[in-house]
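Below: one structure, written as structure tokens.
The values are calculated or read from the model by the stated rules, or taken from the named source; none is laboratory data. Note that this is a predicted model, so its numbers are computed, not measured. When we count neighbours, we look across all protein chains shown, and the Cβ atoms used for this are built from the backbone with ideal geometry, even at glycine.
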Amino acid sequence: MSLTNRKKNNLVPEPALRRMPCYLAYLKLAQKEGLKHISSTLIARDMGVDPTQVTKDLSYTSIVGKTRVGYEVEPLIGVLENFLGFTVVDEAYLFGVGSLGKALLHDHGLKQFGLKVVAAFDVDPEVVGKTIEGVPIYHFEELVKMHEETAKIGILTVPVDKAQDVANKLVEVGIKAIWNFTPVRIKVDDEVVVQNTSLYAHLAVMFNRMKSE
């Protein structure tokens, strides 16, 4: 999501924002299957969401479905992509080129959702100076001298004990949003957007639910 759209959407409940990309993916599959119109009832049935919730979520985009017809699939896809900021590509720096960092650099799907990694940073001499999927990897110390008001987003995949220090440096050079993949809840100024995505937390939930079966 672009920073501009993120500010525009800050009054939209986070659960609704989390569901919208799922609606978008569903609609694109429906489009491939040749559907021209789709109802909130059908979306709800296939996605396990209440129909009124679907209607409410989509209402934040100002698009309105037609009675007994539903939503036009193609326009709704366009509205959702624009609302979520996926039509504008924001540049990002990635910090920590370990296994997860490398996986993200290989993920070509990020650009489809409005995010392009233009540089990566690490301190490991085994990776510094190399290029992965066209993304150059620099030593972390080079961040200050090469940062020229380009990337505003930092992707954090560093070791746990380095997370806060690296986050502090990102704020110092002007990063406005941090996508944090570490299990550490970093502390930054209120004006910096932080999105925590802990793979380990979701893994713990999955294991717990498996044991309760």
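Whenever a residue of segment 181-199 is touching a residue at least 24 places away in the same chain (Cβ under 8 Å), its partners that are part of a loop (DSSP other than H, G, I, E, B), lying with C-beta atoms within less than 6 angstrom and at least six residues away or across chains, give the pairs PHE181/THR157; PHE181/THR197. Of all the listed residues (SER39, SER59, SER99), the sole one being without any contact (Cβ under 8 Å) to a residue 40 or more places away in the chain and in the same structural domain as ILE132 (by TED's automatic domain parsing) is SER99.
Going by the conditions given, is ALA44 out of contact with any Lys or Arg (no Cβ under 7 Å at 6 or more places or on another chain), among the hydrophobic types (A, V, I, L, M, F, W, C), assigned to a helix (DSSP H, G or I) and at pLDDT 90 or above? Yes; evaluated as a whole, the condition is true for this residue. PRO51 falls short of the stated requirement of being out of contact with any Pro (no Cβ under 7 Å at 6 or more places or on another chain), surrounded by 13 or more Cβ atoms within 10 Å (Cβ to Cβ) and under 30 Å from PRO159 (Cβ atoms).
For the criterion of being closer than 25 Å to ASP107 by Cβ and not aromatic (Phe, Trp, Tyr), VAL158 passes.
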